[in-house]
1. Looking at 510, 485, 519 in this structure, which one is within 25 Å of residue 443 (Cα to Cα), modelled with pLDDT of 80 or more and open to solvent by 50 Å² or more (accessible area, probe 1.4 Å)?
2. Let me confirm something: among 300, 259, 284, 230, which residue is among the basic types (Lys, Arg), without any contact (Cβ under 8 Å) to a residue 24 or more places away in the chain and either farther than 22 Å from residue 20 by Cβ or assigned by the TED database to the domain that holds residue 179 (or both)?
3. Please state which one of 441, 450, 460 is of a type outside the set (Ser, Thr, Tyr), part of a helix (DSSP H, G or I) and open to solvent by 10 Å² or more (accessible area, probe 1.4 Å).
4. Suppose the filter is modelled with pLDDT of 85 or more and β-branched (Val, Ile, Thr); does residue 130 pass it?
5. Quick one: which residue in 422, 392, 349, 403 is at pLDDT below 85 and either of a type in the set (A, V, I, L, M, F, W, C) or open to solvent by 10 Å² or more (accessible area, probe 1.4 Å) (or both)?
Amino acid sequence: MERSMNFDEILSHIGGFGKFQKILYVWICLPQILLAFHMLISVFTGAVPPHLCRSNNTTWALPASSDAFNFSLVTGPDGDPGLSCSAPGGVPSTPLAQLNHSTALALSDDHVTGVCQGGWEFSKETFHSTVATEWDLVCDNANLNNIGSSIYMFGLLVGAVLFGSLADKFGRRNIILVGLTIQSTFGVGAAFAPNFYIYVFLRFVVGTTISAVIMNAFVLGTEWTGSKHRMLAGIITDYFFGFGYITLAGLAYLIRDWRKLQLAISAPGFLFIFYIWVLPKSARWLLANQRNEEAMDLIRKAALMNGKPLQEDMETCQGYNDMVKMEERKKDTVIDLVRTPKMRRNSCIMFYLWFVNVLVYYGLSLNISDFGMNIYLTQLIFGLVEMPARTITLFTLNRSRRISQLAFLAVGGLACLLTIFIPDDLSIIRTVLAMVGKFGITASLSIVYIYSAEVFPTVIRQSGIGMGSMCARAGGVLAPIIYLLRGVSKNAPMVLFGLCTLLGAALTLLLPETAHQPLADTIEDVEGSSMSEESEEGNMKPALYEECPTRNPDIII
């Protein structure tokens, strides 16, 4: 009988992370830079600079140029936000810009008409134009800005569901190519949007493609990488996202017009057209879909590139084994995630951890202007924090998954809560605390991917991670909306972020420790039921080498 190998063994033999995989990860990681641009661009394109309400009363004789407006009237500790949204009445002959501070405030108190009829003048000190300045998304329309960001995040949720199923049908590579094409086309289109509603729709479509590229790039890399290197390979893609985070600060600093900035982050996506020729398909997916010859050609190519060509006497029964696994998986569904006590507890906690990590991550990332420092410097600092936060997990995870998750959540939550006690004039301290919170939540977010894959048993692992991802997207949708609570209290968002994160840290104590533990394969493994019968059956079928049934043609390498 000839020796039979499953796909993981083949990867180990040809090099689990050789030259082929390293080149593949270059192709996978490059789009991550643009993904970071699209995810965080609203920090700058949606920014709301200081603004003053024009009066429609001609006796005010407001100057035509915004340079003549004294925007200090509405900024700083003594600023009056009422001037931003209400037009002063009365018939003074002195232009508003020439009034001294106390007089202007007195007039705004005594002669407010309620609604700004004459439009707004915006400061151009920091931004030449933004979505908010072009379409007057301030005062009564200010909520539209947050709602637009939530709709974009909802696109990620739709994309996860839509492109996840399409990838299983048409392949990871094809969906990545389609996603990059749509992302670039609609991203460029958003730069020419004639009104806010079309702009939001175009951004929604871009959001769906973010999920298409992120998910399938990660899966494609995972399916080509040996088990010993998957954690390291996953962290590599995170580094490129962090690099995009940092680079965006420089781009936005150089390009102060929102349309030009939107164009600058979207147009480079068309350069990825060469992926048609260099991005490989997933051999594992090809085998699972009975495209065996095509899969084996790719495997031989990878083996030669890694300098470890396959021997003539080796074969694979992966096609048959995958069909057997598919038949076995039909017994388990998404309902099994919550059907039994321990699985229900573990699943609900993991879903909450996915939700709260993404909620706080984007809650902090998309609202950096709240911390009082220069927006470009804050963006740069938050981007730099990504690197050590993701690196430190490589050292802590080997000691304990549970304690690592708990500790970083606790750090993030406490830092968020402490910011509410810092006065507005101590913006540096507030930014440092927010940076610490960002550090903790970024590290925690990196851990939850790995922890989830180990908490969920093999038979429902994909379903568990898929549901967790959907909960994460729900957190992303809510992150911008939570900032509407500033109308109740300016500290409400950070209090909510802190308390939700600390709750997640406490719940983590109820999860099992998975470091240096064998992965659970079945729900019975999680529940602790007797596995004597399964063990006896398993002893009859060796795990590493199986005899191929004659009814399925063997593929000789």
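The values are calculated or read from the model by the stated rules, or taken from the named source; none is laboratory data. For clarity, every value in this text was computed on a predicted model and none was experimentally measured. Cβ sites come from the backbone with ideal geometry, for glycine too, and all protein chains shown count toward neighbours. To get the accessible areas, we keep the full protein, side chains included, count just its heavy atoms, and leave off ligands, DNA and RNA. Shrake-Rupley method; radii C 1.70, N 1.55, O 1.52, S 1.80 Å.
1. Values: 485 fails: within 25 Å of residue 443 (Cα to Cα); 519 fails: modelled with pLDDT of 80 or more.
Exactly one residue qualifies, and that residue is 510.
2. On inspection, the qualifying residue turns out to be 230.
3. Working: 441 fails: open to solvent by 10 Å² or more (accessible area, probe 1.4 Å); 460 fails: open to solvent by 10 Å² or more (accessible area, probe 1.4 Å).
Checking each option against the conditions leaves just 450.
4. Details: modelled with pLDDT of 85 or more: yes; β-branched (Val, Ile, Thr): yes.
When the stated conditions are applied, residue 130 passes them.
5. Working: 392 fails: at pLDDT below 85; 349 fails: at pLDDT below 85; 403 fails: at pLDDT below 85.
Of 422, 392, 349, 403, the one residue that is at pLDDT below 85 and either of a type in the set (A, V, I, L, M, F, W, C) or open to solvent by 10 Å² or more (accessible area, probe 1.4 Å) (or both) is 422.
Let's see how each residue does on (1) buried (at least 23 other Cβ atoms within 10 Å of the Cβ); (2) at pLDDT below 90; (3) basic (Lys, Arg); (4) touching a Ser or Thr at 6+ places or on another chain (Cβ under 7 Å):
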site	(1), (2), (3), (4)
181	no, no, no, no
194	no, no, no, no
198	no, no, no, no
212	yes, yes, no, no
216	yes, yes, no, no
229	no, yes, no, no
250	no, no, no, no
